[in-house]
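Report on the following structure.
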């Protein structure tokens, strides 16, 4: 009987100590203060995805099947996108993983909401405006990111890049913690290259 009581007590102590240990590590992770190197790593992860979305939303850079083009009442031709996204909702879902909704509504989503929309769903499929004429790709140097301001739940950074005209430029971004994900809330492009 004594052995059974000791086993039960010992088991209870083990369970309690595991529970306390798990809670402690959760608190430590939550209370963790972001350092400059972690902020730079966040930028290195965000920039390639942000640049890809920029090229999609502003330059229409996605392949489409022009043999299936339709002419909309606005006179523009649209063709079904043949890569990565099947619907506008899927495209928006990816964008909202990288940018805050406020940023998207002020910037990228403006190209979705008028009669000249760059992208739209037609019969449940994502179509792109074939009359968008804009090409080129910026070259980013995220490894040279400089963290300007660092807070617990946000930071600002300067990231150098070469634009489509081969001109050295800088960009400034504000990144915030949005529901435990680092997202770009502000992105200024075409700033002079920093010396």
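Values as computed for the structure displayed
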read-out: Yes/no for residue 115 being modelled with pLDDT under 95 and more than 15 Å from the chain's Cα centre (by Cα); value: yes
read-out: Residue in the range 19-29 that is at pLDDT below 95 and within 26 Å of residue 98 (Cβ to Cβ) present; value: yes
read-out: Residues satisfying the stated conditions in the range 162-180, i.e. surrounded by 14 or more Cβ atoms within 10 Å (Cβ to Cβ), part of a strand (DSSP E or B) and touching a residue at least 24 places away in the same chain (Cβ under 8 Å); value: 162, 169, 170, 172, 173, 175, 176, 177, 178
read-out: Residue within the range 117-130 that is in contact with a strand residue (DSSP E or B) (Cβ under 6 Å, 6 or more places away or on another chain), surrounded by fewer than 16 Cβ atoms within 10 Å (Cβ to Cβ) and part of a helix (DSSP H, G or I) present; value: no
read-out: Output for the range 118-127, where each listed residue is within 17 Å of residue 93 (Cβ to Cβ) and over 21 Å from the mean Cα position of the chain (by Cα); value: 121, 124, 125
read-out: Which listed residue is assigned to a strand (DSSP E or B), in contact with a strand residue (DSSP E or B) (Cβ under 6 Å, 6 or more places away or on another chain), under 19 Å from residue 47 (Cα atoms) and without any contact (Cβ under 8 Å) to a residue 60 or more places away in the chain, from 148, 185; value: 148
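The values are calculated or read from the model by the stated rules, or taken from the named source; none is laboratory data. Values in this document were obtained by computation on a predicted structure and should not be read as measured data. With ideal geometry, Cβ positions are generated from the backbone for all residues, glycine too; neighbour counts draw on all protein chains shown.
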